[in-house]
1. Can you work out ³J(HN,Hα) from phi for every residue in the range 523-538, in order, using Karplus 6.51 cos²θ - 1.76 cosθ + 1.60 and θ = phi - 60°, giving whole Hz and x for Gly and Pro?
2. Is the shape of the range 266-320 best called rounded, prolate or oblate, per the rule: a/c under 1.5 gives rounded, else a/b larger than b/c gives prolate, else oblate, with a ≥ b ≥ c the square roots of the Cα gyration tensor eigenvalues?
3. With θ set to phi - 60°, apply the Karplus curve 6.51 cos²θ - 1.76 cosθ + 1.60 along the range 174-191 and write out the HN-Hα couplings as whole Hz, x wherever there is a Gly or Pro.
4. Are any of the pairs LYS55/LYS560; LYS457/LYS510; LYS8/LYS182; LYS125/LYS283; LYS98/LYS457 more than 30 Å apart by Cα-Cα distance, and if so, which?
5. Need one value: the accessible area of TRP146 in square angstrom, 1.4 angstrom probe, rounded to the nearest 10.
6. Round to the nearest 0.05 the FRET efficiency obtained for ARG109 and ALA161 when R0 = 22 Å and r is the Cβ-Cβ distance.
7. For the range 336-350 and the range 51-128, what is the separation of their C-alpha centers, rounded to whole Å?
8. What percent do you get for the relative contact order of the chain when only Cα pairs under 8 Å and 6+ apart count?
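The values are calculated or read from the model by the stated rules, or taken from the named source; none is laboratory data. Note that the structure is a prediction, hence the values are computed from the model and not measured. All Cβ positions, even for glycine, are placed from backbone atoms using ideal geometry, and neighbour counts span all protein chains on display. Note: accessible area is taken over every heavy atom of the protein model, side chains too, but ligands, DNA and RNA are not part of it. Shrake-Rupley method; radii C 1.70, N 1.55, O 1.52, S 1.80 Å.
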Amino acid sequence: VVGIDVMKDVADNTRAAVRDPAEQEAFTLPEFMRQLVERGWTGQKAGQGFYKRVKGAGGEREILVLDPATMEYRPRRRLEAPSLQAARAIADPLQRIKTLLAADDVAGRFAWEITRRTLVYAAGKLGEIADDVASIDRAMKWGFGWHAGPFELWDAMGAAAVLERMERDGEVLPGWLVEAIKHGPGRFYVEEGGRRLALAAGGQYVPVEEDPRVIDVPRLLRQERVVARNAGATLVDLGDEVLLLDFHGPKQAIGPDFIQMVEKAVAEVEANWRGLVISSHVKPNFSVGANLMLILLAAQMGEWDEIDAMVRRFQAANMRLKYAARPVVVAPYGITVGGGCEVALHGDRVVASAETYIGLVEVGAGVIPGGGGTKEMLLRAIENVPEVFSGKYAQTPGPATTDLTGRVNLQVLVNRVFELIATARVATSAAEARQLGFFRATDRIVPNPDHLVYEAKQMVLALDDAGYRPPVRRRIPVVGDSGRALLELAATSMHWSGYASEHDLKIARKLAHVLAGGDVPPGTEVDEEYLLDLEREAFLSLVGEPKTQARMQHLLKTGKPLRN
């Protein structure tokens, strides 16, 4: 990220500033790295460094790796180890690292060697650069983007077990630290009287300074604040009569368990609470979308009624969120795509992390959004244009947003949504998500992700204090069959130009049918349920396509879309 030249300067400056011989050795760069700087091979900004991208014989992109012994590039040889396969299947970062470090294979031993050195180094700095473990952990999380600090990781792996393993490896640690772990509480962090305490230099435990804007969801889970729970999500009491729907699972995929908990959450909130927040304590991503494996297996077995029921239930759950009697605020972060995006689109408000990458990417799996995402993006495109709902709009094929009389061109608004979904456009930040229409002007962007749940809770309380009422259901004017023809023409042009495959074109035509409102005259007004029916029909018909199932299989296997 910073470049090898910058890393060299930082290492040289640090080496000159420290007095410990071990540290001086640690900050002495290998000779081959100095050669990289001399040659100008400083990383991505120079086009090559430790790695180099080249074009293969077939025109595909290939990544070569530097051989430090020869200073030449060679093809990468990927490491295959059982521990890596096991770790990849675990969503929780701490559990994933714990699994890897416990493995007795080449990957596990390598990871342990690096982690052990890091933990020993951090322990040795207590009392020198920071007085307690919380300060070091926060520095590494806030300054370097770690999901957990070294001492939080140490606790997660079992502090006493890790200490014993270090001692077997010949490591020497401060006596007071050994005493606290072996004969004291046995952890770096403890809870006492509702407060969180952290081990400080010398062996005593001191209160961790709490930021009121940080809501520690795992601690709430330990404090018996759970209202309901299943394998996909947990309902947690956030205090002040606000409920959190904290969802979890492999890659935060949305499946039947999560949908069941959405239904329960809305019923519970409407009966007993001021509002609902939807987020998760599992990092780094909010949701990768619907559980493709379930859909693919059902399709391969011909269980079309089951798929129809799944889609109907997800659509109904999102509509319950949208029209709940109490405010619903969704707090996304990281990757928020597919079904995760659709959940966010149906909240009254979104309070998003600045680093939120949101989009409707279903075409990569060979389908269109089926949980209300297509319908909701169409609504968002026109909801702030009063002329559309008063009938004072035009529908022309040109690119202008207004006609000669100043009337809004409805076709242009629909075209933008069509392009966004058909190209699987993903916003690269929450700010861009607002520009693209995934977020509204009334939604909030939070720079510090640790404050996300707190700010979402405050939004719920503000909406309730203002006398919240659910949104009014509206009939939606659509561009109809002539508008659909224009959308299909654009897709066909992309196909003829070689930018879209034949199956891409088929998907685009299904999408155009939904966004245009089906086979109706231009200007026809429809309701949301009608558009949801069109969505579901398109989704089901595409799931039955062999090329769609091939896309799903490829995506599940490689994590990358297949262009077939």
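1. After applying 6.51 cos²θ - 1.76 cosθ + 1.60, I find x, 4, 9, 10, 9, 5, 4, 5, 5, 5, 5, 4, 4, 5, 4, 5 Hz.
2. oblate
3. Per residue, the Karplus-derived 3J(HN,Hα) values read x, x, 5, 5, 4, 4, 5, 7, 7, 10, x, x, x, 8, 7, 10, 9, 10 Hz.
4. LYS457/LYS510; LYS8/LYS182; LYS98/LYS457
5. 100
6. 0.85
7. Centre-to-centre (Cα) distance: 34 Å.
8. It comes to 10 percent, rounded to a whole number.
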